[in-house]
2 protein chains.
Amino acid sequence: MATLDDVAQLAGVSKATASRALARPELVKPDTILRVRQAAGTLGFEPSRIARALARGRTGLVAMVVPNLENSFFAPIIEGAQLQAEEAGYHLTITVRGLDSSSDQDAMERLAGQVDGFLLTAPQAHETVIRRVGALVPTVLIEREAVGIPSVIADSPTAFASLAADFVRRGHTSIAYIGGPGGSWPNLMRTEAITAALEGTANLTVLGPFPPLAESGFEVCEAVINSGATAVIVYAAPISLGLMFALKARGVSVPDGIVVSGDERMSRAMAVGGIPSIDVDGLAVGRASMQLLTRLLESPTPTVDQVRLPVPVHWS
Amino acid sequence: MATLDDVAQLAGVSKATASRALARPELVKPDTILRVRQAAGTLGFEPSRIARALARGRTGLVAMVVPNLENSFFAPIIEGAQLQAEEAGYHLTITVRGLDSSSDQDAMERLAGQVDGFLLTAPQAHETVIRRVGALVPTVLIEREAVGIPSVIADSPTAFASLAADFVRRGHTSIAYIGGPGGSWPNLMRTEAITAALEGTANLTVLGPFPPLAESGFEVCEAVINSGATAVIVYAAPISLGLMFALKARGVSVPDGIVVSGDERMSRAMAVGGIPSIDVDGLAVGRASMQLLTRLLESPTPTVDQVRLPVPVHWS
DNA sequence: TCCAAAAATGTAACCGGTTGCACAACCGGT
DNA sequence: ACCGGTTGTGCAACCGGTTACATTTTTGGA
């Protein structure tokens, strides 16, 4: 592998000039830049990230922290963050870890010494813990907001509220919400948004909490029927899947008997029409998070931004 | 952050001795080791991975290459690899990329210069391409075998064959196999294994290829019924899900009318019993791959191992 | 007790970039 | 022709570890 020395030698300049020609062209005579670039090209020179990291005091590594990977919700977010990271010249490492135990805390502290920043998903952690972790290195919170920490969220609360309003507009007067994991931030926000949206206009039954799995749909089926709801808003698509399956098994037609919300992929998978979908663009969330983080890392005066990406509600 | 110099000074030894005391204790007097360790402890010293990487000429980074993250099949594999990597002192970075285009090739070449090794999943790529990529840096192939490259696979072909035999033993004489993506290595192997297992004992209809999505299950439903099969072996659980759903919608009972294979999680999700599950332990696959790779990276004389993890067939 | 071999430690070079500082080249203005 | 000021380049230190080699200390056998 060619080093900067080789390039400098071939271009007939010093290592310092070669370095500047490639990294800070504004300091170098155009003619020289050209020669250095050419030399780098013919040698197939790629600067060593390691050497650069050591010299600059930054690693070029960003850690994305997720509580687990089972929940396929995170997959597109990771993918988006990865793509964006690559474009910005960073490496993304995945760390599967909660923030609950003190050993988690220790691990995060160690990790912080090895990366430039965190992309943090921690739907269930206490806010104090999040703030402590966020203070270690520049951090962007994903799918959650906390004062003093930049964050990117898909604005699903608004989408859920708007769906609730849609239901009312279509004549539903009894609506159920099947909640996600207890203590999860998105679930809290959604519950709140739906409650506010239906205040005084329709009857709301909140069920849950439930883990975001198809099993939950089966479990909750009876309660949904008993609630008398004609429209159901579901925290996450897997629950929807299970519920729709269970309803059909019970002879309740969807969406004619009961309308159940889902997402685009799920309704395609179940080959069912006439139901509303709430689609979070995970790729965009991931990209935006990484973008915000790189801005933070490269800006001399970091600001705290809270980004909210719109979430469409779509009737199939 | 404390450096090795600080530790050495506090312990009253040279930087070199401090380094050795921590990294290669067998070269240092026990008494000295103790003093150095103590000094490191009180200073909270963590060696800089970057500096170490530069000195050692290895980055401590391993890239896991996956074609996409939508397919949730990879999630547990990644998680397993990540956990193992952490234990072995490596960082794992995820790279979402196929190997088809020549720009992919270029990207892999660049990536190879920045990491110590690859964990490569490439079910559909040509073997020549895989060999070219595998030649760049130490590589472990996941869920695929190729001569000359170490690999870890879950032995699902054997599981599928054994399931086919189970079906015959239970009296089925007409069996269908719904294949996965065309040209995918695991699909080829499974098809082959099933075909061999049923040779002369039962009638086999091979359907497909299909993408591993629930939609495929709907699509294939009619063909399954027409084939007259009473037992169906399915490439992947999502297809199973769609198929079972479609069959029920058509009034065919599962498993009494037609037995459809799935996996544990799916049959739990669908709350259905009496069907066989083929469960790949993705976590174990991920762990084993990373383990093999670290052995490769640290062994002076790398050998080519092909690891096959057993895959259980389980009747619920 | 003495000496060669083994064990423990220190010195300094090295990994491959970046960057502060000194110096040289070049500019337009008088 | 002379000079202050800008631009472009080179020298060398530095980031924080590792390790070859030299040097010192310890050990054990004669």
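Brief remarks on what is shown
- Matching residues in the stretch A:24-47 - criterion: being near DNA strand D (Cβ under 9 Å from one of its atoms), of a type in the set (D, E, K, R) and without any contact (Cβ under 8 Å) to a residue 24 or more places away in the chain: A:GLU26, A:LYS29, A:ASP31
- Unique residue being closer than 23 Å to A:GLY57 by Cβ and either touching a helix residue (DSSP H, G or I) at 6+ places or on another chain (Cβ under 6 Å) or modelled with pLDDT of 95 or more (or both) when the list is A:GLY180, A:GLY117, A:GLY113: A:GLY117
- Taking residues in the stretch B:226-249 that are of a type in the set (D, E, K, R), and partners anywhere that are outside any strand (DSSP E or B), the pairs with Cβ atoms closer than 7 Å and at least 6 places apart or on different chains are B:LYS248/B:VAL254.
- For the stretch A:1-21, the set of residues classified as of a type outside the set (Gly, Ala, Ser), more than 6 Å from DNA strand C (Cβ to nearest atom) and in a loop (DSSP other than H, G, I, E, B) consists of A:MET1, A:VAL13, listed by residue number.
- Scanning the stretch B:229-283 for residues that are buried (at least 21 other Cβ atoms within 10 Å of the Cβ), small (Gly, Ala, Ser) and within 14 Å of another protein chain (Cβ to nearest Cβ) turns up B:ALA236, B:ALA237, B:SER240, B:GLY242, B:ALA246, B:GLY262, B:SER267, B:ALA269, B:GLY282.
- Any strands (runs of 3 or more DSSP E) falling wholly within the stretch A:150-232 and containing at least 3 residues that are of a type in the set (A, V, I, L, M, F, W, C) and within 28 Å of A:GLN291 (Cα to Cα): A:151-154
- The single condition among (1) surrounded by 22 or more Cβ atoms within 10 Å (Cβ to Cβ); (2) within 27 Å of B:GLY80 (Cα to Cα) that A:ASN71 does not satisfy is (1).
- Matching residues in the stretch A:88-120 - criterion: being without any contact (Cβ under 8 Å) to a residue 12 or more places away in the chain and basic (Lys, Arg): A:ARG110
- Of all residues assigned to the stretch B:76-88, none qualifies as being out of contact with any Pro (no Cβ under 6 Å at 6 or more places or on another chain) and within 13 Å of DNA strand D (Cβ to nearest atom).
- Selection count where residues are within 16 Å of DNA strand C (Cβ to nearest atom), in a loop (DSSP other than H, G, I, E, B) and more than 8 Å from chain B (Cβ to nearest Cβ), scope the stretch A:49-90: 5
- Residues in the stretch A:22-48 that are under 30 Å from A:GLN114 (Cα atoms), part of a helix (DSSP H, G or I) and more than 9 Å from DNA strand C (Cβ to nearest atom): A:PRO25, A:ALA40.
- Residues that are surrounded by 15 or more Cβ atoms within 10 Å (Cβ to Cβ) and under 26 Å from B:VAL115 (Cα atoms) occur at least once in the stretch A:9-19.
- Residue within the stretch A:53-65 that is more than 10 Å from DNA strand D (Cβ to nearest atom) and farther than 18 Å from A:GLY117 by Cβ present: no
- Residues located in the stretch A:84-99, provided they are in contact with a strand residue (DSSP E or B) (Cβ under 7 Å, 6 or more places away or on another chain) and hydrophobic (A, V, I, L, M, F, W, C): A:ALA85, A:LEU92, A:ILE94, A:VAL96
- Boolean, B:THR93 is more than 9 Å from DNA strand D (Cβ to nearest atom) and either facing another protein chain (nearest Cβ under 10 Å) or buried (at least 17 other Cβ atoms within 10 Å of the Cβ) (or both): yes
- Among the candidates B:GLY148, B:GLY98, the residue that is more than 9 Å from every other protein chain (Cβ to nearest Cβ), more than 11 Å from the chain's Cα centre (by Cα) and at positive phi is uniquely B:GLY148.
The values are calculated or read from the model by the stated rules, or taken from the named source; none is laboratory data. Source: prediction; values computed, not measured. Positions of Cβ are backbone-derived with ideal geometry, glycine not excepted, and every protein chain shown enters the neighbour counts.
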